[in-house]
1. Would you confirm whether any residue within segment A:316-337 is over 26 Å from the mean Cα position of the chain (by Cα), crowded, with 23+ Cβ neighbours inside 10 Å and outside any helix (DSSP H, G or I)?
2. Give segment A:278-315 a look and list any residue that's assigned to a helix (DSSP H, G or I), under 37 Å from the mean Cα position of the chain (by Cα) and not hydrophobic (A, V, I, L, M, F, W, C), or say none.
3. Tell me which residues, restricted to segment A:653-670, are surrounded by fewer than 22 Cβ atoms within 10 Å (Cβ to Cβ) and of a type in the set (Ser, Thr, Tyr).
4. Could you go through segment A:428-449 and let me know if any residue there is in contact with a Cys (Cβ under 6 Å, 6 or more places away or on another chain), aromatic (Phe, Trp, Tyr) and either in the same structural domain as residue A:285 (by TED's automatic domain parsing) or surrounded by 24 or more Cβ atoms within 10 Å (Cβ to Cβ) (or both).
5. Just a yes or no: is a residue in segment A:663-674 in contact (Cβ under 8 Å) with a residue 24 or more places away in the chain and touching a Lys or Arg at 6+ places or on another chain (Cβ under 7 Å)?
6. For segment B:95-111: of the residues being of a type in the set (A, V, I, L, M) and more than 7 Å from chain A (Cβ to nearest Cβ), which is farthest from the chain's Cα centre (by Cα)?
7. What are the pairs, 6+ residues apart or on separate chains, where a residue within segment A:313-342 that is within 14 Å of chain B (Cβ to nearest Cβ) has its Cβ under 7 Å from a residue that is of a type in the set (Lys, Arg) and assigned to a helix (DSSP H, G or I)?
Amino acid sequence: MVNWKNVRLIFFRELGDQLRDRRTLFMIIVFPLLLYPGLGIGMLELRLLSFEQPQTVVLWGDQYLPGGDYPPLVQDGRFAKSLFRRPDDASNLHVLTESALKQETDDSEVNDQHLELYQTVRKINAAVAERDKLSAELAEQPADSEQAEQLRARIGELDRQAGRLFNQAKIEGLVIIPRGFARELKEVNRQIAERVDSASAEADYPRPQIIHNSADEKSHITFIRLEGVLDRWEDEILEHRLQSAHLPTNLHRPVQAQSTDLALEEQLNSKIWSQLFPALLVIMSLTGAFYPAIDLGAGEKERGTMETMLICPASRPEIVLGKFLTVMTFSVTTVLLNLISMGLTGLYMASMMDARNLAKMPAPAFPSLVDIGWIILLLIPLAAMFSSLCLALATFARSSKEGQYYLTPLLMATLGMTMFCVFSGFELTEHQMFSVIPVCGVALLLKGLLMSSLSSGPLYVYAIPVLGSTLFYSFLALYWAIEQFKSEDVLFREAERFDLKLWIRHLLRDKEATPSFSEAVICFVLIMMLQFASISASAGADSSAEWMIRALFITQIAVIASPALFMGVMLTTSLVETFKIKWPSWGMLGTAALLAAALHPLSLEWMYQLAPFFPELPASMQEPIQRLMSSKVSWWYLLSAMALAPAICEELAFRGFILSGLRRTGRTWLAIGLSSLAFGFMHMIPQQVFNATILGLVLGMIAVRSNSLLPCCLFHLIYNALAVVNQRQGQQLQELLGNTALIRSEGGQLLYGWPVLLVAGLVAVTLLWKLVKGTLPWNSARQQPMSKPLITTGAGGN
Amino acid sequence: MIHVQNLTKSFADLRRGEVHAVDGISFDAHPGEIFGLLGPNGAGKTTCLRILSTVLRPTSGLAEVAGYDVATHPAKVREHIGFMSGNTGIYDRMTAWELVEYFGRLYGMEEDQLQARLEELFETLQMNEIRDMLGSKMSTGNRQRVSIARTIVHDPPVLIFDEPTSGLDVLVARAVLNTIAGLKEQGKCIIFSTHIMREVEKLCDRIAIIHKGRILAMGTVKELEEKYQEPDMEEVFFDLIQEYEAQLTA
C-alpha cells in the first residue's frame, strides 16, 4: 500500500529542492520566458531595421534611359513612386545617378565621397563589361579546351575584383543601363508598331543589369526591391509598346488565371497554431522533464544522498511517486509557460507589424478555451509518460553526464516523431493506427483538433485511444522507474570500465542452466537485425513461388532458429531446460490443439473487424502472397514452409531461448508479456504484429503451464496450417458451399458465421481461463508458483 | 535486538565471477551495547550493514532487527533503526533544520513532539548556529552533526554507524565518538563498523573481526587479546588475517 503522506512529503521536498536549484529554474522557467520575447522581438526589430533603413543604389548609364512619352524609371532623383507596391517605399531606395555624380565632379563641388564613388563604380562598370565580353567568348569555346580554362580563370578574377570594388563603394545595389538602351527600345517599338517581319530578331539587344551581393543581407534586400521596381517598369514599358502598336494591353497574358483563396483568417491562424502547438507541447514537456529527472535520479547518486533516501521509512514506490510528481510538475509548468510566453510574443509581434504597416502575415490569435482545454487534457498523460521515462533512465545512470547520454537519444527520437507528425500531411482520420503510437497519437490529435474547422470527421472519438494508450505507456514507464529503484544493480552500480574480452569470458565461464535476461534480449535483437539484413538481401530478387518457399525456409532456419540455438549451446548449461525439451502430458497437447483450432476463426474475425484501423498493405506486399497461394506448389511443400518450419523455429527462439531468459527476472507474467511483444515485433507488418502479440501471449502461457515446447509447436502448426488452408482454398470452399450460417465471404476472404464464432469463443475463453488460473488437470507447472524464477540464481559454475 | 544468522550476500562480478561479499556470518547485538565490526576495506562491513538497514536484500540467511526480519518486513525495520554511513549524505539545498525536520516527518512523528525533539537535538549537538545554513555551505564536521541528528531524530532503539569517523579530523571524530558513547548510555543497541583499532578499543563492548565476508573472531577486546596472547587489537587483527590468508593459500 502506498502511504500518500510520504509521497506528499517527498514531493514537496523535491519541489522545494528543485526551486532552489538555479540551473533547473533557469532552464525550465526563465529560459522560455526570455527565449520567445528575446528571439521574436529581436528578429522583428532587426527585420524592421533593415527594411526601414534607406539603401543606396547607383543608377549607371541613366542617360541611356528612354525619355519622352516613355514611362519614367527615375523621377525627382528617386525611382518613380508608381513602381512600388506602396508608393511610400520609394523613399527606402536612395538613388545616385551617373549623371548627377558626373555633374558634381565636373562642377568640382567638394564631395570626396561621391568623387570616390563615381570612380569606383566606373571601374565596376568596366569590369562587368569586360566580364560580359569574356563570357560571350567562353560560350563559343569547347568546354574542356585550355582556352576555356583560361577564360574561366579570368572571369573569376574579374568577379573578385568587382566584388572588392562593390564592397569599397559602400552601396547596396548598382543598376547598369547599357549604352544605346533607349535607342534600341524605341527601334523595336517602332518595328512592332509597323509590323516589320524581322522585329523578333531585332529585339535581341543588351539589357540593364542589377549588380548586388546576396551574401550581404542589406544588399540582398535591395536586390529584391530593385527587381520589383524593374519588373513593374518593364510592365509599363510593355504596356506602352502595345499601346503604340495599337494592340490590347493584356496581349501578353492570354490565360491570366485568377485564384480564389477560401481560407478564412481564423483558419490561417489555426494552421500556424495547429503545427506549432503540438510540436511545442511534445518537445517542451520532454525538455521540462529532462533536467529535473536527471537531478532527481542520477544527481542524487552523484551527491551521495540516494542511500539517505533509501533508509527512510518511505517505500521505494513512494519515493519514485514523489519524484515522479515533481518531474511531472516541472514538465507541465514548462509547457504552459512556453505556450503563454510564445502566445504573448506572437500577439506583440502582430501588433508591431500592424503598427509599422508591414506586410501582413496571418496574425497569431489565442486558441479558444476549448482548444486550451484539449491542450491541457492531452498534456497531462504526455507529461506523465515523459516524466516517468526520464526518471527511469536517469535512475539507471550513475552520473548526470551519463543521464544526459541516455536522455539525448530520447529527445532526438521524440523530435523526429513530432516533426514527422506535425509537418507531414498525416491525419488521424486516415491513419488510425497512429492514435496508439506514443507521441504520434497526441501530436496528430492535437494538430487535428486545432484545425478542426478543416478536417472531415469528428476527432474527439480518437481522444479515447490516444489518452488511453498514452496513460498506459506512462503506467508502464512508471512501473519501470519503480523497478529501477528496486534494483540493487541499478542503485549501487559501480563505475566500471566495460571490457568486451572480460565480458565474453564471463559469459562463457559463468554459464547457468537457462539464459539470462540480457542474453534473451540480445537474442531478439540479433534476430531482428538478421531479419532486416535478409529483407534487404532478398529485395529485388526474382520471386517465383518456388523461390519464395525456399526463402521462407532459409529465413526460418538461418534468421530465427540459428541465433537461438547457437546462443543456447554457447551460453547455457542445459538445453533441456532452455528449450523445454520435455514430453508434455497428452492433455496439454490436446488443449493446445483445441485452442489453435478455436482461435483460428476468432483471429480471422478480429483482424477483419480491425482492418480499417491498420494502414492498408501495399500491393507489392499482398501480391506475392496471393501468387504463392494460387501457385501450383504442392500442399505438403507449402504447409511445411508456412506452418511446420515456423512452428519449430519460431518456438525454439521465442518460447524457448527468449522466454526462458526473460523468466529469470522471477516475474513470469512480465516474461510472457515481453516475449509476446518480441514475437509480435518480429512479424513487422502492423496487422501481423498485433495478431502475433496476442497469439504470443497464449503461446507463452501454454509454454509456462506445460513446461514443454511441444504443445507450443503443435498450436503454432495447427494455427498456421488452418490459415494457409483458409487463404488457399477459402474462396473455392465458399463458392462450393455458398453463404451459410457457418461461413461467409467478405471481400474475397472466407470468414466464419456466428455459430462457429460463438462455439470457438466459448472454447477459447474456457481453456484460456483455466490456463491462466492453472486449473487444468494436466497442468505440469502447477506446483511451480508463477512468481518464482525458473532457476534460482547463485548456481554459477566457477 | 539484532540477530544475524548465516547471512550471505553474493553478486556477479565480471572479473571475479560470483563474489560473496558477506559469506555466512552470524552475530547478536543487545540493547545498551556497542557491537563493533572491525575489518579492512572491502571486508564486507558495509554490505552487511546495508542488509541490516534493508537497502540490500540478503541472498540467504536471516537478519532480524528489533524483532523484524529485514527480508519480509523492511519498512518496520527502517522505522526502528537509525543508519549513518559515508554514503548517507545530506541535501545541499536544504538547511540543517529543514533536513532533520523532513526526516522526522517521514518517520511519522507528531508535529509538536517533532518540534520539541528538534530543539533538544539542536541544543545537545550544538547545532543552533547552523540551523538555517544550507547543506552545501557546511563544513564536513557540521555535515556529520546534521547526519547524526538525522539518524537519531526519531529516537530509534537500534543505531547503525558505518565508519562514521572516516574523513573527519581528530576533533570532530572525537565529538562523534562521544555522541555515540552517550547514545549507548541511553540504552540503544549500537552497531559500529570501522577499520581503526583505537576506536574499537575505546568504544566497543564486543567486536567481530571481519575479513573477506567472514567473521574470523568475536568477543570483548579483552577476551580476544587474551585468546590470541597479544598486547593490543592491532596485533590480534594482523594475526587473524595472516592466519586466514595462510589457510586460503594452503
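1. no
2. A:278, A:285, A:287, A:288, A:291, A:292, A:295, A:299, A:300, A:301, A:302
3. Residue satisfying the conditions is A:665 alone.
4. yes
5. Within segment A:663-674, one or more residues are in contact (Cβ under 8 Å) with a residue 24 or more places away in the chain and touching a Lys or Arg at 6+ places or on another chain (Cβ under 7 Å).
6. Within segment B:95-111, the first condition is being of a type in the set (A, V, I, L, M), and the residues that meet it are B:96, B:99-100, B:106, B:109.
The next check asks that each one be more than 7 Å from chain A (Cβ to nearest Cβ); those that pass are B:96, B:99-100, B:109.
Numbers: B:96: 22, B:99: 20, B:100: 19, B:109: 23 Å.
Here the answer is B:109.
7. A:313/B:78; A:316/A:486
So that you can scan it fast, the table gives a plain yes or no per residue for (1) part of a helix (DSSP H, G or I); (2) free of Cβ contacts under 8 Å to residues at least 24 places away in the same chain; (3) closer than 21 Å to residue A:209 by Cβ:
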residue	(1), (2), (3)
A:103	yes, yes, no
A:126	yes, yes, yes
A:132	yes, yes, yes
A:154	yes, yes, yes
A:165	yes, no, yes
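The values are calculated or read from the model by the stated rules, or taken from the named source; none is laboratory data. Everything quoted here is computed from the prediction, not taken from an experiment. Every residue, glycine among them, receives a Cβ derived from its backbone with ideal geometry; neighbour counts consider all protein chains shown.
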